[in-house]
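Report on one structure; see the data block that follows.
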Amino acid sequence: MKPYFVAALLIATAAPAAAQSLPTPTPAPSGKPTYLPTVPAEVAALRDAALKDDYAWDIAEGLSTEIGPRLAGTEAEARARAWAVTKLRSLGFSNVRVERFAMPVWTRGPEAAEILSPFPQRLVVNALGNSASTPPEGITGEVVGFDSVADLRAAPDAVVRGKIVFVTHAMPRTQDGSGYGFFGGPRRQGPSIASRKGAIAIVIRSIGTDYHRNPHTGSMSFEAGVRPIPAGALSIPDAEQLQRILKRGQPMTMHLTLVSSVHPGESGNVIAEVPGSDPKAPILLVGGHLDSWDQGTGAIDDAAGVAITTAAAKRIMDAGRPLRTIRVVWFGSEEPGLFGGMFYKDVYGTQPHYAVAESDFGADRVWKVNSKLGKEREPEARALQAALAPLGIVPGALDEADGSDVGPLIGAGHPGVELSQDGTRYFDIHHTPDDTLDKIDPQQLRQNVAAWTAILAVLSGGIEPEPKRGKRR
Ligand SMILES: [Zn+2]
């Protein structure tokens, strides 16, 4: 009994001594906290009132119902411009105008894909924008499949020459939509690579994330000097069907019809303004794009974007007169290659802009704000973050912003703001016949309007209430 007691006592007294002799890790660095400024009551009030906004729904519903599909450069897009002018004037905007430009107009004709052997069946396909046309009777060729653009690039020309190329990918759903860049490679680079190697056509797995039997269209362009070939997208179930057949190891023959045409035409940007009290102050530019792909009614892409930004500008207009002019642009012909955005930059790119921003990622809620206003305007960027935080919007980068039509302006050094929307379901619908009004959630649409209203309230330099007008006599 006694020896045991002594040993236990020794252990008990030895333990603290041993711990004291152990090395202690360097304390973890404490993170630098971000303290945001308080939000002025007027800004908070404007933001919160927008959570009950109806203007955005009214615009998105009207444009997607009364115009519907409005492919770039077509008569439908021209009708959409006329609709936009009427709508913007009726909302009370000033200087409403159309700025026209010329462009090549690509339109879709009959399209079909059919496996002739080894297992004859039809597949669901559509042409990618700017695809070359097959003859009306279509073309027939052997299909050679690749798991990635890298595999297609690495293939000897002899494997591809004279064949119809198929390229797949594994684009995932992500909140920030970041899969669209890399996994869009088969659409953006695939056609040029296939053509250089002598392919007669290319079909890709749609750049999308859903399992509906809807192909996703989208634009592509051939590199300079590359012979244009027909380029199409299979719906994802059809792409997987084709892969399963290819895996059986027997030669596959496909008949492919992708008829399309190109003709010279015109498009235009629709511009409207809320004039500022200081006409010399650099303007604030917000907007979205007016054109859409031809198969849906362009509700999320991008009736939502023009609706959200216009509604926000309208809410500021109704509150009074901002110091800076707010310019709303409904860009024309974004989808086939940023024609409206590039034209705006050609016309206005040398004039100062206080900030530029575009909404073009559907209608789901905003979850992050990025900005690129410059180092000296960091307090303003922090004020923006503070005004947005109560909407559940995470403060993001201060040296980064992007947008489709405004991307070239930001690239040229104009200050920019970017609101990231939840893109989890965006690429289920994007560029398909499913892009219709029912995909817009009115509550999330209002959160977007509140966020854009807050941005305009912070950046417009203060809003003076308009003096009450006397009774008309
Ligand atoms: Zn878009």
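The values are calculated or read from the model by the stated rules, or taken from the named source; none is laboratory data. Here the structure is a predicted model, which is why all the values come from computation and not from measurement. With ideal geometry, Cβ positions are generated from the backbone for all residues, glycine too; neighbour counts draw on all protein chains shown. Please note that ligands, DNA and RNA were not included when accessible areas were found on the heavy atoms of the full protein model with its side chains. Shrake-Rupley method; radii C 1.70, N 1.55, O 1.52, S 1.80 Å.
Mind checking the dipole of the chain: about its Cα centre, +1 per Lys or Arg Cβ, -1 per Asp or Glu Cβ, Debye to the nearest 20?
Rounded to the nearest 20 debye, it is 600 debye.
At q = 0.19, 0.22 Å⁻¹, what base-10 log of I(q)/I(0) does the Debye formula yield for segment 378-421 when every alpha carbon is treated as an equal point scatterer in vacuo?
-0.61, -0.78
Place a point 7 Å from the Cα of GLU114 along the Cα-to-Cβ direction; which residues of segment 230-262 have their backbone N under 11 Å from it?
255-257
Quote the relative contact order of the chain in percent (integer), defining contacts as alpha-carbon pairs under 8 Å separated by 6+ residues.
Here the relative contact order equals 22 percent.
Compute for segment 330-458: radius of gyration divided by Kirkwood radius, i.e. Rg/Rh, restricted to C-alpha atoms, rounded to two decimals.
When Rh is taken as the Kirkwood radius, the ratio is 0.97.
Quick one: if you stick a label point 7 Å off each Cα along the C-beta vector at ARG425 and THR65, how many nm between them?
2.1
What is the distance, in nm, between label points placed 7 Å from the Cα along the Cα-to-Cβ direction at ARG79 and at SER178?
Between ARG79 and SER178, the simple spin-label model gives 4.2 nm.
Give me the percent of DSSP beta bridges within the chain that run antiparallel, rounded to the nearest 5.
Percentage antiparallel, nearest 5: 60.
State the Kirkwood hydrodynamic radius of the chain in Å, one decimal place, computed from all pairs of distinct Cα atoms.
24.6
Using a probe radius of 1.4 Å on heavy atoms only, what accessible surface per residue do you get for segment 189-346? Whole Å² is fine.
30
For the chain, list the DSSP H helices whose alpha carbon atoms reach 18 Å or more along the long axis and whose average Kyte-Doolittle value is -0.5 or above?
Helices meeting the criterion: 2-21, 304-319, 442-459.
Heavy atoms of the protein only, probe of 1.4 Å, neighbouring chains included. What is the accessible area of HIS263 in Å², nearest 10?
Estimated to the nearest 10 Å², HIS263 gives 80 Å².
What is the magnitude of the charge dipole of segment 25-181 about its Cα centre, with +1 placed on the Cβ of each Lys and Arg, -1 on the Cβ of each Asp and Glu, and no other charges, expressed in debye to the nearest 20?
340
Please give, to one decimal in nm, the separation of the simple spin-label points placed at TYR211 and VAL159, each 7 Å out from Cα toward the Cβ.
Label at TYR211, label at VAL159, 3.0 nm between them.
To the nearest 20 Debye, how big is the dipole of segment 362-473 about its Cα centre, given +1 on the beta carbon of each Lys and Arg and -1 on that of each Asp and Glu?
So the dipole magnitude of segment 362-473 works out to roughly 920 debye.
Rounded to the nearest 0.05, what FRET efficiency is calculated for ALA28 and GLU99 with R0 set to 51 Å and r the Cβ-Cβ distance?
0.35
What's the FRET efficiency of HIS263 with GLU466 using the Cβ-Cβ distance as r and R₀ = 56 Å, to the nearest 0.05?
0.75
Scan the chain and report its longest stretch carrying no chymotrypsin sites (Phe, Trp or Tyr not before Pro) that are both in a DSSP loop and have at most 15 other Cβ atoms within 10 Å.
Looking at the chain, 212-473 is the longest stretch - no exposed chymotrypsin sites (Phe, Trp or Tyr not before Pro) with at most 15 other Cβ atoms within 10 Å.
Suppose R0 equals 45 Å. What FRET efficiency, 1/(1 + (r/R0)^6) with r the Cβ-Cβ distance, do SER277 and VAL226 give to the nearest 0.05?
The computed FRET efficiency comes out at 0.30.
Note the full-extension length gain between GLU400 and GLN250 as 0.36 nm times their separation in residues minus their Cα-Cα distance, in nm to one decimal.
Stretched out fully, the GLU400 to GLN250 stretch lengthens by 49.0 nm.
Could you tell me the relative contact order of segment 364-473? Use alpha-carbon pairs under 8 Å, at least six residues apart, and round to a whole percent.
37
Answer with one residue from GLY138, ALA312, VAL96: the one whose Cα lies farthest towards the positive end of the charge dipole of the chain, charges on Cβ with Lys, Arg +1 and Asp, Glu -1.
ALA312
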